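Engineer: Here it is, the structure, as structure tokens.
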Amino acid sequence: MITGIIGCGNIGTELALFMDKRKDFELKYLFDIDKDNSDNLTKKLKNSNPKFASFDSLIKNSELTIESANKEAVKKILKNKNLDKGNKKLLVMSTSGLFENISSLKKTKNCDIYLPSGAIAGLDAIKSVSGKISSLTLTTTKNPKGIANAPFILKNNINLKKIKNKKIIFQGKLKEAVVGFPKNINVAATLFLASKFNNIKIKIIADPKTKTNTHEIVCKGNFGNLTLIAENLPSKNPKTSYLAILSAIQVLKNINNKVKIGS
């Protein structure tokens with residue numbers, strides 16, 4: 001499967017290294033706003049020799065496009081004229097970009113779009129009770145390093161270095177969280193896309209003593225109660241859980257698997 005990666009940072013590099021060992025993927029194209037990132041990624045590969053391509057060219061010529069950049073890249077991809085042609089596939093890591101561009105997502109008819117479960121578990125269960133949910137909350141706890149320089153932190157002049165114990169940084173709705181923490185709240189966007197529940201309550205906690213990124217989901221309805229907790233070790237980038245990368249790798253494996261477990 002001819003593949004192109006948009007965004008050659010930590011996640012893009014890990015996915016490229018995975019595909020470099022596989023015969024069912026041909027990693028042919030890379031794009032990053034900083035070409036040095038793509039050049040550095042290429043040097044780490046043993047079996048692949050992808051070339052730097054323009055945004056349009058990558059989407060046009062790839063059977064599978066992988067987004068591992070940011071929500072702005074997702075917006076550009078969804079609006080690209082080449083995406084919805086030729087039964088292409090798109091794997092999206094920055095799911096907050098889908099949440100903010102629902103209208104463009106709904107217009108995409110001929111492209112299979114894959115959303116890894118990311119740093120949370122139990123999305124199959126959440127999808128199965130969609131339409132029967134009465135309340136849904138997400139509490140995310142991270143080391144302050146994991147939310148450093150988020151727009152909400154900067155706008156409110158929050159000095160994360162002064163936090164010595166667990167502290168609630170944010171409480172609000174999903175739209176506010178996506179704007180305030182665009183690189184930290186893809187979990188919440190994925191949760192919305194799975195649940196279709198419009199009133200998700202978000203809480204973000206900074207804990208300088210924690211070494212994990214923890215996500216607790218509490219879902220209630222006429223089916224009963226679901227409580228899902230994932231305590232994830234960060235990847236090389238403290239803003240990203242290692243499980244997010246592993247779940248994306250599993251999606252790639254599942255694309256070509258004959259037996260698929262879960263929906």
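The values are calculated or read from the model by the stated rules, or taken from the named source; none is laboratory data. Just so we're clear, the structure is a prediction, and the values are computed from it rather than from any experiment. Neighbour counts run over all protein chains shown; Cβ positions are idealised from the backbone, glycine included.
Engineer: Here are the criteria: (1) closer than 22 Å to Asn237 by Cβ; (2) assigned by TED's automatic domain parsing to the domain that holds Leu233. Tell me which single one Lys164 does not satisfy.
Structural biologist: Looking at each condition in turn, Lys164 falls short on (1).
Engineer: Are any of the residues in the range 83-99 aromatic (Phe, Trp, Tyr) and more than 23 Å from Pro182 (Cα to Cα)?
Structural biologist: Checked against the condition, which is being aromatic (Phe, Trp, Tyr) and more than 23 Å from Pro182 (Cα to Cα), the range 83-99 yields no hits at all.
Engineer: Moving on to the next point. Which residue out of Asn82, Asn70, Asn110, Asn37 is out of contact with any strand residue (DSSP E or B) (no Cβ under 8 Å at 6 or more places or on another chain) and under 13 Å from Ala16 (Cβ atoms)?
Structural biologist: That would be Asn37, the only listed residue that is out of contact with any strand residue (DSSP E or B) (no Cβ under 8 Å at 6 or more places or on another chain) and under 13 Å from Ala16 (Cβ atoms).
Engineer: Something else about it: Between residues in the range 221-244 that are free of Cβ contacts under 8 Å to residues at least 12 places away in the same chain and residues that are loosely packed, with under 15 Cβ neighbours inside 10 Å and hydrophobic (A, V, I, L, M, F, W, C), which pairs lie under 8 Å by C-beta distance while being six or more apart or on different chains?
Structural biologist: Within 8 Å, the pairs are Tyr242/Leu233.
Engineer: Separate question: Starting from the range 157-175, keep only residues that are within 24 Å of Lys211 (Cβ to Cβ), then list their pairs with residues that are loosely packed, with under 15 Cβ neighbours inside 10 Å and modelled with pLDDT of 95 or more whose Cβ atoms are within a distance under 7 Å, requiring at least 6 positions of separation or different chains.
Structural biologist: Matching pairs, first to second residue: none at all.
Engineer: Only one of Lys51, Lys75, Lys46, Lys60 is modelled with pLDDT of 95 or more and in contact with a strand residue (DSSP E or B) (Cβ under 9 Å, 6 or more places away or on another chain). Can you tell me which?
Structural biologist: It is Lys51.
Engineer: For residues in the range 221-236 being surrounded by fewer than 16 Cβ atoms within 10 Å (Cβ to Cβ) and of a type in the set (S, T, N, Q), which is nearest to Leu138 (Cα to Cα)?
Structural biologist: Restricting to residues being surrounded by fewer than 16 Cβ atoms within 10 Å (Cβ to Cβ) and of a type in the set (S, T, N, Q), the top hit is Thr227.
Engineer: Does Asn110 satisfy being farther than 27 Å from Lys196 by Cα and among the polar types (S, T, N, Q)?
Structural biologist: No, not satisfied.
Engineer: Show the residue pairs that are 6+ apart or on different chains and have beta-carbon atoms under 6 Å apart, the first residue being within the range 94-109 and outside the structural domain of Asn184 (by TED's automatic domain parsing), the second being of a type in the set (Ser, Thr, Tyr) and not in a loop (DSSP other than H, G, I, E, B).
Structural biologist: Correct list of pairs: Thr95/Thr190.
Engineer: May I pose another question? I'm checking my understanding of the structure. Among residues of the range 1-34 that are in a helix (DSSP H, G or I) and among the aliphatic types (A, V, I, L, M), which one is surrounded by the fewest Cβ atoms within 10 Å (Cβ to Cβ)?
Structural biologist: Leu17
Engineer: So if I check each of Leu252, Leu228, Leu243, which one is aliphatic (A, V, I, L, M), closer than 18 Å to Gly118 by Cα and in contact with a Cys (Cβ under 9 Å, 6 or more places away or on another chain)?
Structural biologist: One residue alone meets the criteria, Leu228.
Engineer: Tell me which of these Asn184 doesn't satisfy, since it passes every other one: (1) touching a residue at least 60 places away in the same chain (Cβ under 8 Å); (2) in contact with a strand residue (DSSP E or B) (Cβ under 8 Å, 6 or more places away or on another chain); (3) surrounded by 15 or more Cβ atoms within 10 Å (Cβ to Cβ).
Structural biologist: Result: Asn184 fails condition (1) only.
Engineer: Within the range 128-158, which residues are under 15 Å from Ile185 (Cα atoms) and among the polar types (S, T, N, Q)?
Structural biologist: Matches in the range 128-158: Thr137, Thr139, Thr140, Thr141, Asn143, Asn149.
Engineer: Can you name the residue in the range 140-156 that is of a type in the set (S, T, N, Q) and either in contact with an Asp or Glu (Cβ under 6 Å, 6 or more places away or on another chain) or free of Cβ contacts under 8 Å to residues at least 24 places away in the same chain (or both) and, of all such residues, is farthest from Ser96 (Cα to Cα)?
Structural biologist: Filtering first and then ranking leaves Asn156.
Engineer: Another question about this same structure. Tell me, yes or no, whether the range 199-220 has at least one residue that is surrounded by fewer than 21 Cβ atoms within 10 Å (Cβ to Cβ) and either of a type in the set (Gly, Ala, Ser) or assigned by TED's automatic domain parsing to the domain that holds Asn70 (or both).
Structural biologist: no
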